[in-house]
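Coordinate-derived values only; no laboratory data. Because the structure is a prediction, the values reported are computed rather than measured. Ideal geometry is used to build each Cβ from the backbone, glycine not excepted, and the neighbour counts take in all protein chains shown.
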Amino acid sequence: MSKNKFLFPFILVTSLFFLWGFAYGLLDVLNKHFQETLNITRSRSTLLQGAYFGAYFLIALPAGLFMNKYGYKKGIILGLLLYALGAFLFYPAAEQSSFNFFLLALFIIASGLACLETAANPYVTVLGTPETSEGRLNLSQCFNGVGSFLGPIIAATLFFGGKETRNLDSVKLVYIIIGVVVLCVAGLFMRTKLPEIKEEEIVSAQVQDTKPLFSHSHFVGSVVAQFFYVAAQVGIAALFINYCTEAKIEIDNAKASVFLSISLALFTAGRFIGTALMRRIAPNKILMVYALINIVLCALVILNKEWLSVYALMAVFFFESIMFPTIFALGIKDTGHNTKKASSFLIMSIVGGALMPYVMGKLSENYSTATSYAVPLCCFVVVAWYGWKGYRVKNGSASSSEVKVAFRH
C-alpha cells in the first residue's frame, strides 16, 4: 500500500489526538476550580477523573465491537458526536451549579473519547509498516501532548484569570466552543474517504495470528502496565495544583496552573524527543529507563523539599511522555485479526486513572499531598518491569533488536 494513500488519513486521524489531549488538559484545572466554586473536597473532586476514565472502561469494548462491524471511520464519527454532546451539556450543568450534572456531561465526553482512542491508536499503528508502529504512534501522540499543554493555559486564564474566580461562566464558554469545533471536525470526517484497513490482510504469513488474544503474554502484560501507568499519570496531574500551592513556595492557583502548563510542555517535548530516540534505541529500553527515572523523581516529590520537589514533579511529566503509546504499540504487536479487540482492552485498562486519583485524594486528606505520591511511585515500578521483561513477544516474531534496526531504516 502506497505511502501517499496513508499520508492524509494519518494527518486527519492525528488531529484527533489533539482534541482528546485538550479535553484532558482542562480536566486537572477543573479539579481545583470545582473545589472552590462548588465547595467540594479534593477527594470528591477526583470523581471527575472517576467519571472520565470510568467511561473508558465501560465504553472501550463496545466501541471495539462497533468498529469490528462498521469500521474505523464510523467509530471515529460516533466518538466525535458523543464528544460534542457532552461538551454542550456543560452549559446546563453550569447553569444549575450541579457537580453531579458535570460528572454526567464529562462521562459522555469521555465516552466519545473512548471511541476515538479505540479507533485512532490502532489505526495509526497499521497505517504503515509494523516495524515502525511505536514511532508512528508516538508521533501522533505528540499532538495529544500539544493539546494537553494548551488546555491548562486556557483554563488558567479563563477559570482563574489572575484572581480566584467564583463563577462558572468561563466553563460554559470554553465547552460551547469545544462542542462547535468538534462538530466541525465530525463533518470533515463524514466528507473524507478513509482507507478501511483489515489487519488480518496486512499481517504477513510468518506472523499470522491464530492464537487466542489472552494467550499473548506481552499483550496481557501491556494491559497491566497500562492500568498502572494511566493511574500514575492521572493521579500526578490531578493533585498537581494542590501540591504546588501547599509546597511553601508561595504560589496561588493561577501560578500553579502555569506550572502545570509548563509540565505538559515538557510532556509534549518528551514525546517528540522520545520519538526521535526510538529511531536509534529499542522502545522497550527507553520505557524501562524512563520509568526508573520517574521512580527516583517521585521519591523526591514525597520528601517535599519545596522547590526541589516541585521541579522533580514537573520533570516526571517529561519522562512519562512516551509511556502510553509505547506500551500500547508493544502490546498490540502481532495480535493480527485481534488488533481491534486488543485495542479495546488496552483502552479499558485506562480505568486505572479512575481509581487511583481517589486513593491519592484520601491519602492527601488523611496525611499530606506529598505522601499521596507514593501511589504513582509504585505504579512506575510495574511500568519498568514491562519495559524490562513483560513486552517480549513469545510467538516467534521480531525481537527488540530487529525492531531497533527497522527504526534505523
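If R0 equals 25 Å, the separation of the Cβ atoms of Ala374 and Asp252 corresponds to a calculated FRET efficiency of about 0.40.
Once the Cα atoms of helix 47-70 and of the chain are each reduced to a long axis, what angle between those two axes, in degrees from 0 to 90 to the nearest 10, is obtained? On a 0 to 90 degree scale, this one is about 20. For the chain, the longest principal axis of the alpha carbon atoms and the long axis of helix 339-348 meet at an angle near 20°. Farthest towards the positive end of the charge dipole of the chain, among the residues Ala312, Thr14, Ser148, is the Cα of Thr14, using unit charges on the Cβ of Lys, Arg, Asp and Glu.
With the simple spin-label model, which puts each label point 7 Å out from Cα in the Cβ direction, the Val296 to Lys394 separation comes to 3.2 nm. For the chain, a crude dipole built from +1 on the beta carbon of Lys and Arg and -1 on the beta carbon of Asp and Glu, taken about the Cα centre, is about 840 debye to the nearest 20. With each label modelled as a point 7 angstrom along the Cα→C-beta vector, the Leu303-Arg44 pair spans 3.7 nm.
Using a Gaussian network model of the chain in which every pair of alpha carbons under 10 angstrom is joined by a spring, one finds that among Ser140, Ser215, Ser43 the greatest mean-square fluctuation is at Ser215. In the structure shown, the pairs Lys172/Lys248; Lys285/Lys394; Lys340/Lys394 are assessed against 23 Å; a Cα-Cα span above that value is assigned to Lys172/Lys248. How high is the FRET efficiency between Ile176 and Ile281 when r is their beta carbon distance and R₀ equals 51 Å, given to the nearest 0.05? Rounded to the nearest 0.05, the efficiency is 0.70. The stretch 30-66 and the stretch 250-288 have Cα centres lying 23 Å from one another.
Think of the chain as having a plus end and a minus end, set by charges on the Cβ of Lys, Arg, Asp and Glu; of Phe219, Leu168, Gly235, Phe219 sits farthest toward the positive end of this dipole.
Once the Cα atoms are used to define both axes, helix 3-37 deviates from the longest principal axis of the chain by about 20 degrees.
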